[in-house]
1. Among 283-291, 348-356, what's the highest-first ranking by average C-beta atoms within 10 angstrom per residue?
2. At a temperature of 10 °C and a viscosity of 1.306 mPa s, determine how fast the stretch 104-283 diffuses translationally according to Stokes-Einstein, using the Kirkwood radius over alpha-carbon pairs as Rh; express D in µm²/s, rounded to the nearest whole number.
3. Please give every one of the aspartates and glutamates within straight-line cross-link reach of K428, meaning a C-alpha to C-alpha distance under 12 Å, and leave out same-chain neighbours fewer than 8 residues apart.
4. Have a look at L23, L59, L37 and report the one farthest towards the positive end of the charge dipole of the stretch 1-157, computed about the Cα centre with Cβ charges (Lys/Arg +1, Asp/Glu -1).
5. Could you give each residue of the stretch 445-454 its phi-based ³J(HN,Hα) in whole Hz, using Karplus coefficients 6.51, -1.76, 1.60 with θ = phi - 60°, and x for Gly or Pro?
6. Hey, which of these cross-link pairs are over 24 Å Cα-Cα: K170/K411; K138/K216; K170/K242; K114/K216?
7. Take every DSSP beta bridge whose two residues both sit in the chain, then give the antiparallel share in percent to the nearest 5.
8. If you count only protein heavy atoms with a 1.4 Å probe, what accessible area per residue comes out for the chain, rounded to a whole Å²?
Amino acid sequence: MDFFTDSSLVKNAVVCAENRSILSLFDTPNRVTDFSLSAAGLYLDYSKQNITKTELSHLVAWADECKLSDHMKAMFSGEKINNTEQRAVLHSVLRAPSGVKHQVLGNDAVAVEKTEQHMAQIVDDICQGKLTGLTGEKFTDVLALGIGGSYYGIKVSLSALHPYHSTGVKVHVLANVDGAAVTEKLETLTAATTLVVIISKTFTTQETLLNANAIKAWMLAELSDPEAIAKQWYAVSSNVEKAQRFGLMAENILPMWDWVGGRFSLWSAVGLPLALAIGNEHFNALKAGAYAMDQHFQTARLDENMPVLMALVGLWNRNALNYQSLAVLPYDHALRALPGYLQQTDMESNGKSVSKQGEKLNWATAPIVFGQEGTNGQHAFMQLMHQSDEIIPTDFIVALQGSSDLEEHHKVLVANCFAQSEALMQGKSLAQAQDELVANGASKEEVARLAAHKVMKGNTPSNTLLMQSLTPHCLGAILALYEHKIFVQGCLWQVNSYDQWGVELGKQLSEQVLALMSDSSVNHQMSPSSVKLIEAFVQK
Ligand code: F6P
């Protein structure tokens, strides 16, 4: 029996959920206590989900039947659960203590620890001015080049931990293959005081290499000495040969491990630019926060396990209630890059429709993830969330203490966060809208004309993730929480969450487009639509 298509629990879900209000679920005593938990410095309230205790306990039992704990053990012990690429998935071991590393990685642990030490040394030497550029000047800026998983983790953490930028070195990231982005970046940099870090697991990624070549040309033109590349460039890659051919010194190339997927690689040397901004101590605190969540995930019972519960509630919304999207709304300027980061981790991991064995699945997988800073979303797409027929489950994320001295601002920010989760859940009925208009002195005609426009459907489920303040430890816990949620959902949907073949076709076709731009007679598979677009580009 397919759980998602045949179980009575899933079949009855829509009828049950449509016929009850989430608000009515609070009639059950202890709803908030029963549907909330704390772990690794985070508090998750999922009581505003449209699910009962019985339904949730069936889901937990089903996850158990699916041998979720065995899947977890397989991942943490290094089995090659990425079956299409024959790779283990061990990013979490990078944040574990030395003993765990040795136990899981065996001989590789020595190389991992050597790299960690090397990375920490680079950070210290650069921040203290012991390692300088070609002209002997102290580095003031770091430019990190990379895309996808070699970019998003750094980007989200750099902005999230802005109050912890303590080294005096300013870190920039460049992913987009758009000359305008390169030019804009270079306007702010001085070649003699800029350290460049190329991050590319394969060292073959078109966008990263094109940007790297442009930055290299700029630096050589500015400093007129090829030694600049040897002295001022680092790479993080598993393709040492290609990185060396680019002009990098072997000792300036930090390895990326085969068993760490790009989108989970922040914990490796990929985190070097981040560590250069926040320093080694804070970088270690980030890893410690993630490890605290790993520990919770591995040891807590399934029904008391934050990533598991978040995953099950997400499955309930996606597969039982057929909600297609997930909004992620951080009420925190520092977390503004989190929705973009989660779009990659979630949708690149679980946006699939065949099982690990290659069979077509009969159920939906990853939701469409979107979002932005909550208050800005309120004045934009949240109109649709309140009044269209689309129900969009939402993750609200907020810290009790803000990072600025503007306390009134933080109070208003938090109030908006709490109010929105309530508004999405409560909605406003026609009768309420009418009463409100009457109370505000509207005439009979005005009530008749306006009331329907003021109705809000409500019954939109949400999670609220609370933390005391957004520290490196908390950020680590948040990122690990979502990583594990995605892992659990991937196991239960039966997909391989750790490959990404879907990005390949576009890469192949872009080679053809580039060839056609130079020679219109080459063999191609382009449609007449694209041929005309290419002609327009050639004739511009
Ligand atoms: O988006 C596809 C992808 O292969 C990601 O998985 C990866 O993180 C990114 O491209 C960049 O790849 P690389 O690190 O090899 O440059």
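1. On the way: 283-291: 23.2, 348-356: 18.3.
Peptide ranking by packing, descending: 283-291, 348-356.
2. Values: Rh = 16.1 Å.
Value of D from the Cα-based Kirkwood radius: 98 µm²/s.
3. Excluding near neighbours in sequence, the set is E436.
4. Positive-end residue among those listed: L37.
5. Whole-Hz 3J(HN,Hα) from phi for the stretch 445-454: 5, 5, 4, 5, 6, 9, 3, 4, 6, 9.
6. Details: K170/K411 30 Å; K138/K216 19 Å; K170/K242 28 Å; K114/K216 28 Å.
In this structure, K170/K411; K170/K242; K114/K216 lie more than 24 Å apart at Cα.
7. Values: 13 of 43 bridges.
Within the chain, antiparallel bridges account for around 30 percent of the total.
8. Working: 24200 Å² over 540 residues.
Heavy-atom accessible area per residue stands at 45 Å².
The values are calculated or read from the model by the stated rules, or taken from the named source; none is laboratory data. Since the model is a prediction, treat every value here as computed from it, not as a measurement. Using ideal geometry, Cβ is built from the backbone for each residue, glycine included, and neighbour counts are taken over all protein chains shown. These area figures cover heavy atoms from the full protein model, side chains too; ligands, DNA and RNA do not enter into them. Shrake-Rupley method; radii C 1.70, N 1.55, O 1.52, S 1.80 Å.
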